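Undergrad: The structure follows.
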Amino acid sequence: MSEGNIMHTHVLRSDPCRLRIMLVEDHLVLRQGLKELLETDPIFHVVGEASTVPDALAGIEALKPSVIVTDIFLAEQSGIDLIRALRERKSTTPILVLTVLESMDRLRDAMHAGADGFVLKDSPYGELLEGIQAVCAGKKYICETFSKEILSRLASSMSRDTDRAPVHLITSREREVLTRIALGQSNKRAARDLGLSVKTIEKHRSNLMRKLNLHNTAAVTMFALRHGLVKREEAQTL
């Protein structure tokens, strides 16, 4: 374990109610600044620091923190490697990822690896506090800035998909089914309105989504709106 990466303290022995935080960040100035900022709150105490995955694993084993706050981008191995290693060891310690939004794929990998929450480094400090407390309470947390970015990218992706969708490939019956999906009707309701079986509706629904390369109801609704098949006030809320 490299000297200075793990910091032991005895404060918690007299105040066991404070949340014990392990910081994993390879930028020393940022890590120290974050520690000082968190220490100003009486419910938090940074019991350890690490800049690498091996030091983090050793520190977590020794210090038993309440929560781990880690960046994704670390020297040599990544924060995702740390998350995977902890989950492979059956660790249930909450993990909050504090990082920059450079790659949605990396964030997706971190989520699949077992991260409990995400806060961007350019988010307000209050969101970091909320995130720490949320994951410590057993909840999942995504900061508002991150949520907006996800929705923005999803909407952009859906727009590209619907712009490319070959509307001329669907049959008149499939178009009727698509319209009812966009109106928020269930398969059962659509079957009743069109005089078809539920199984037939399901088949039409599957075929048109495949033809149009649409993967969920929201994308179908957006497609219907863009091509004038339904009016915005009629469509289900996206």
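Undergrad: Tell me, in nm to one decimal, what length is gained between residue 26 and residue 39 on full extension, where the rule is 0.36 nm per residue of separation less the Cα-Cα distance?
TA: Between residue 26 and residue 39, full extension yields an extra 2.8 nm.
Undergrad: A further question on this structure: Answer with one residue from 43, 137, 79: the one whose Cα lies farthest towards the positive end of the charge dipole of the range 11-146, charges on Cβ with Lys, Arg +1 and Asp, Glu -1.
TA: Farthest towards the positive pole: 137.
Undergrad: Right, another one. Using amide H atoms built 1.01 Å from N in the peptide plane, name the residues 5+ places from residue 142, or on other chains, whose amide H lies under 5 Å from its own.
TA: 118
Undergrad: Here's a follow-up. Quick one: Cα centre-to-centre distance for the range 175-208 and the range 17-31, in angstrom?
TA: Between the Cα centres of the range 175-208 and the range 17-31 lies a distance of 53 Å.
Undergrad: How large is ³J(HN,Hα), in whole Hz, for each residue of the range 87-98 in order, when computed from phi with the Karplus curve 6.51 cos²θ - 1.76 cosθ + 1.60 and θ = phi - 60°, using x for Gly and Pro?
TA: Once rounded to whole Hz, the list reads 5, 5, 7, 6, 6, 10, 4, x, 10, 10, 8, 10.
Undergrad: How big is the charge dipole of the range 36-86 about its Cα centre, in debye rounded to the nearest 20, if each Lys and Arg gets +1 on its Cβ and each Asp and Glu gets -1 on its Cβ?
TA: 240 debye
Undergrad: Sticking with this structure for a sec: Roughly how big is the range 43-154's charge dipole about its Cα centre, with Cβ charges of +1 (Lys, Arg) and -1 (Asp, Glu), in debye to the nearest 20?
TA: With Lys and Arg at +1 and Asp and Glu at -1, about 420 debye.
Read the figures in this text as sums done on the coordinates, not as results from a lab. A quick note: this is a predicted structure, and the numbers were derived from the prediction, not measured. As a convention, Cβ positions derive from the backbone with ideal geometry for all residues, glycine included, and neighbour counts pool all protein chains shown.
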